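The values are calculated or read from the model by the stated rules, or taken from the named source; none is laboratory data. Remember, predicted model here, so these are calculated numbers, not experimental data. With ideal geometry, Cβ positions are generated from the backbone for all residues, glycine too; neighbour counts draw on all protein chains shown.
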Amino acid sequence: MSADLTELYQQVILDHNRRPRNRGRLPTANRVAHGDNPSCGDQCDVFLRLDGDRIAEISFDGSGCAISQASASLMTTQLKGKTAAEAETLYQEFHDIVTTGKEPAEISDVAAFAGVHAFPARIKCATLGWHAALNALKADATTATTESHTD
Amino acid sequence: MSADLTELYQQVILDHNRRPRNRGRLPTANRVAHGDNPSCGDQCDVFLRLDGDRIAEISFDGSGCAISQASASLMTTQLKGKTAAEAETLYQEFHDIVTTGKEPAEISDVAAFAGVHAFPARIKCATLGWHAALNALKADATTATTESHTD
Amino acid sequence: MPSWKDVRADFPILHQQVNGRPLVYLDNGATTQKPRAVIDALVRYYERDNSNVHRGLHTLSMRATDAYEGARARVAKFVNAADPAEIIFTRGTTESINLVARSYGGKLGRGDVILCTEMEHHSNLVPWQQAAKASGATLKFVPFIGANAEGGLDLEALDRLLTPQVKVFAFTHISNTLGTINPVAELCRRARAVGAVTVIDAAQSAGHAPLDVRLLGCDFLAFSGHKMCGPTGIGVLYGRFALLDQLSPDETGGGMVVSVDFEGAKWKPAPERFEAGTPNVAGAIGLGAACDYLDSLDRVAIRQHDDELARVAYEKLATLPGIRLIGPTGERGGLVSFAFEGVHAHDVVTFADEDGVALRGGHHCNQPLMRKLGLTSTTRASFYLYNTAEEIDLLVASLRRTLKFFIG
Amino acid sequence: MPSWKDVRADFPILHQQVNGRPLVYLDNGATTQKPRAVIDALVRYYERDNSNVHRGLHTLSMRATDAYEGARARVAKFVNAADPAEIIFTRGTTESINLVARSYGGKLGRGDVILCTEMEHHSNLVPWQQAAKASGATLKFVPFIGANAEGGLDLEALDRLLTPQVKVFAFTHISNTLGTINPVAELCRRARAVGAVTVIDAAQSAGHAPLDVRLLGCDFLAFSGHKMCGPTGIGVLYGRFALLDQLSPDETGGGMVVSVDFEGAKWKPAPERFEAGTPNVAGAIGLGAACDYLDSLDRVAIRQHDDELARVAYEKLATLPGIRLIGPTGERGGLVSFAFEGVHAHDVVTFADEDGVALRGGHHCNQPLMRKLGLTSTTRASFYLYNTAEEIDLLVASLRRTLKFFIG
Ligand SMILES: Cc1ncc(COP(=O)(O)O)c(C=O)c1O
Ligand SMILES: Cc1ncc(COP(=O)(O)O)c(C=O)c1O
């Protein structure tokens, strides 16, 4: 049934989980959104300082499994400095990786998430932080739940 | 499963069904009650003229299967002239007959209903008119449903 | 075209004697029998995959969730819904209608009108009476035409009744007492023109004919698994997503909330919002198997088969002395209701049972309709894919015997 | 004393491999597995007796009705109810509680108090939030004692909270997250003293211990078939008859009315008044078979077995580094919840699954409780009659592996 767990818990993921980047509440944030994964209780707040259309600063806070924490951490490193449109594109790429397992053309840390596709129940974990970030960009302070999005 | 139907549809029952006694609305009634058998839609109104504690006149009206119509018809012939207490006793006897199949000690037309006990689904039919009559005696104009009584 | 004789072999229950005679099951309007494939799906689930759904991350729970959500997708396909999220699993038609009547009914108020028809089953009538009482809305009824309701719904009256005040129009697809097939697409079209939300009671049609919610253009549609070869305790409410999304939940509790604190809760979107607590997982999976089974036979063929049996039955029954046949004289769903002068339905059913023939007698949860027809009960023979023309002959022979006994 | 090894042979699902390892099913708090006897009862019903109930007069319908009402009587005996009419069949605990919260909730008003506890499952919390909102009543909570809720309910606080304004006191028998066994008879006694109606959530106790509603002295009691070896989609609301008899129906439709006209309807008495539409007939019969099965093993023995496993598990788990064990340190129901410093429940469950061990991780529909404990999720191992001491060793070994992977 399940593939080998080392496929899922790759070194990059374990590293981000142990030492999350950009973790905490951003004092200068002018956008914030909250994400919930109701099936397991994972939560993720994403804080942005938008400078015009560009993400000048970003952080996340919350609690959840290794996959969701690592994904949120990596997401912050990916989105910093990007425009809303660029963020949307990056999310699409990430979504493709975790749902199909196809690794991206360019070498990138997000490739570590390709193993998720073999564990469909964990796709929601991997996308929780991204959903919250996109919602924050839309200045939409409503909760992002992974259940109301089609992953 | 079912006993022979001629046990159920005895001659006395067919006769009462074809030529019901005391059928119609009693114009002089001072008591009336309505009975329903919700499982099959049978209905029975019983009209009484009580003279003190005694049933001076009685009639029934309604629609239903041969068992319920014959039973109501026979019931009117049994209760006419009886006191409320006597009526209650007669009902108990009748109830014993239809639930156990034991024929009464004295020769009586009600013995024809002994076959009902082999058709438990029809016990409600056989007692519908009786329930309405007892409710009418209690000056209780509420509907008698066979479902709210333990048959 | 399926071989209807082979179909009988799929249903274990049919191969038994009742009162010493081969069972002739003609009570399909009440509930249908289950093919081996549906029974096996239940057994397989309990023997291999049983687990709670949604909240689990272990293998069995993922399998159970996939099977349950797979059943939802299967049912969505069965009625051609645009999205599996439009399929809510309930206990049956009655609960489905209660759900709409309460959730959508909560949006109604004084001055609003709920429109039903005079031929509704109690389950598509009493919930609307309750909704009207709770909201102050008025309940009105589209009448039917003819002393035996042979003329169907009065569509001219409908036009007068369908005012902009009408917020809900709830009607049956096929009448369980009359056999009338209502022009549901047309009814939806007219309702839409005044902005009324439509609720179709498809209890008698879901297992008997192709059903396409987008072709019908309805907003809600309700049906029961047990009337279409599925298990008991499972049914469906289809709801157009844009509408569902606006509705408050009906029952509340585990599984339908995003977050809860001591003060209050936030709801998940549809369909979860409407499925509080552990659902009937095995029931949903069995219903999915029933959809597969019916589609493997082809629902167009099933409709032809059932309707043809009803036509033959209608013709043969019409030759019986003192019979009154109810409902349409021409096209009808797979059932026939009738009443005899001088012999009560209850007695007819008892005699038929002695001959192994299972019929239903009574008001069929249609008391107001019965009263308008001047009846308190009818006898009903209702057909399904495993019934045969020979069984109709057995029915007619049994009825002749009954008439002979009571009338001579 | 049953031979617990033989008991495993009764459950077909247990004899399979998951991820190449023998299945160790420790998610019984979510749902239990089904013995052959229950599966067979379903098959037998569909193969021999299936028919609609109550409204039928033919042989199959009488058989189905007898079997359905027989199941009601069986369940009445299972909880020692005075009368089968006190047993209402529902989909499960959640629906049972919704039914009381709406029907009894309809009698509440401003100034009234609904009392719950801080350890309630969402299904015994959100329906009361809704009832409070609808009626204007106030919802209050009995707190628990201790940073890990190890002290159980605060009975002194209860005495202060149980004022004559309290109209309903709803509480769980066994907490599905903590394993706490509440002193329910005592809670009922105190509630009765102020005239409050009691509602017991017996979801986690019904299949695990003897249950006697008259000994407990409760007014309502709710449980689910699927958590006690029974089928999915069936549950029970027990209600004291004198109270049930005063309640308005919840859902309406066919089968629960005495008479209906276009204007309104008259209700049947309990239990029919609360069972609108075709019920889950097979489900009820399967639940009756589950009662037979559990009583054949003896519920006192089951309780000892489950609680002993939980005791052993608690002791062995306590030796793991960085573990935080939740709930009572002494007597507890057959489950243990725990959290690790630095490893999330989600990851624990995924690793355990690779070892064939089925656990649950999350908030267990207990978010407010979790929040008070300062947690967002725990891992839960919950035991039942087919679990063994060896399985606990497999659990502990799996957890050690997980800790090694994440913590080193
Ligand atoms: C037309 C119609 N509507 C509603 C129902 C109610 O269905 P259920 O009892 O499965 O809820 C029935 C079946 O009895 C029916 O025939
Ligand atoms: C304590 C408790 N109450 C209520 C429920 C809800 O039961 P169900 O989902 O069967 O309705 C559960 C089970 O999840 C439970 O553990």
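Here are a few things to note about the model shown:
- Checking D:Gly233 against (1) away from ligand 1 (no atom under 16 Å from the Cβ); (2) farther than 15 Å from D:Arg102 by Cα, the condition it does not meet: (1)
- Lone qualifier among C:Gly361, C:Gly330 - being more than 21 Å from the chain's Cα centre (by Cα) and among the small types (Gly, Ala, Ser): C:Gly330
- Residue within region C:94-104 that is more than 15 Å from ligand 1 (Cβ to nearest atom) and of a type in the set (A, V, I, L, M) present: no
- Selection status of C:Pro249, within 10 Å of chain D (Cβ to nearest Cβ), surrounded by fewer than 24 Cβ atoms within 10 Å (Cβ to Cβ) and under 25 Å from D:Gly253 (Cα atoms): yes
- Residues of region D:106-124 that turn out to be away from chain C (no Cβ under 12 Å) and assigned to a helix (DSSP H, G or I), as a count: 1
- All positions within region C:252-278 that are more than 7 Å from every other protein chain (Cβ to nearest Cβ) and touching a residue at least 40 places away in the same chain (Cβ under 8 Å): C:Gly255, C:Ala270, C:Pro271, C:Phe274, C:Glu275
- D:Leu162 being more than 16 Å from ligand 1 (Cβ to nearest atom) and under 23 Å from C:Pro249 (Cα atoms): no
- All positions within region D:338-364 that are buried (at least 24 other Cβ atoms within 10 Å of the Cβ) and either more than 13 Å from chain A (Cβ to nearest Cβ) or in a loop (DSSP other than H, G, I, E, B) (or both): D:His344, D:Leu359, D:His363, D:His364
- When region D:27-37 is filtered for residues that are away from ligand 2 (no atom under 16 Å from the Cβ) and buried (at least 24 other Cβ atoms within 10 Å of the Cβ), only D:Pro35 remains.
- Residue within region C:202-219 that is within 16 Å of ligand 1 (Cβ to nearest atom), of a type in the set (Val, Ile, Thr) and more than 13 Å from chain D (Cβ to nearest Cβ) present: no
- Residues within region D:53-68 that are surrounded by fewer than 24 Cβ atoms within 10 Å (Cβ to Cβ), within 7 Å of chain C (Cβ to nearest Cβ) and at pLDDT 95 or above, tallied: 1
- Leading residue by the ranking (farthest from ligand 1 (Cβ to nearest atom)) among those in region D:176-191 that are farther than 13 Å from D:Gly151 by Cβ and of a type in the set (S, T, N, Q): D:Thr177
- Filtered residues of region D:176-201 (kept if within 14 Å of another protein chain (Cβ to nearest Cβ) and either within 11 Å of ligand 2 (Cβ to nearest atom) or surrounded by fewer than 24 Cβ atoms within 10 Å (Cβ to Cβ) (or both)): D:Asn176, D:Thr177, D:Asp201
- Residue within region C:54-61 that is more than 16 Å from ligand 1 (Cβ to nearest atom), among the basic types (Lys, Arg) and assigned to a loop (DSSP other than H, G, I, E, B) present: yes
- Matching residues, region C:18-35, being facing chain D (nearest Cβ under 9 Å) and over 21 Å from the mean Cα position of the chain (by Cα): C:Val18, C:Asn19, C:Leu23
- In region D:27-43, the residues that are without any contact (Cβ under 8 Å) to a residue 40 or more places away in the chain and under 20 Å from D:Gln16 (Cα atoms) reach residues that are away from ligand 2 (no atom under 15 Å from the Cβ) and part of a loop (DSSP other than H, G, I, E, B) with C-beta atoms within less than 6 angstrom, at least six apart or across chains, in these pairs: D:Arg36/D:Asp10.
- With respect to being at the interface with chain C (Cβ under 9 Å from one of its Cβ atoms) and of a type outside the set (Ser, Thr, Tyr), D:Pro127 fits the description.
- Taking region D:233-256 as the range and being at pLDDT 95 or above and more than 30 Å from D:Val43 (Cβ to Cβ) as the test, the residues that pass are D:Gly239, D:Arg240, D:Phe241, D:Ala242, D:Leu243, D:Leu244, D:Leu247, D:Ser248, D:Pro249, D:Asp250, D:Thr252.
- Flag for A:Pro38 being within 28 Å of D:Leu375 (Cβ to Cβ), over 14 Å from the mean Cα position of the chain (by Cα) and either within 14 Å of chain D (Cβ to nearest Cβ) or in contact (Cβ under 8 Å) with a residue 40 or more places away in the chain (or both): yes
- Given (1) more than 16 Å from ligand 1 (Cβ to nearest atom); (2) touching a Gly at 6+ places or on another chain (Cβ under 8 Å); (3) at pLDDT 95 or above, index of the condition C:Asn28 fails: (1)
- Among (1) over 18 Å from C:Ser51 (Cβ atoms); (2) in a helix (DSSP H, G or I); (3) at the interface with another protein chain (Cβ under 10 Å from one of its Cβ atoms), the one test that D:Val7 misses: (3)
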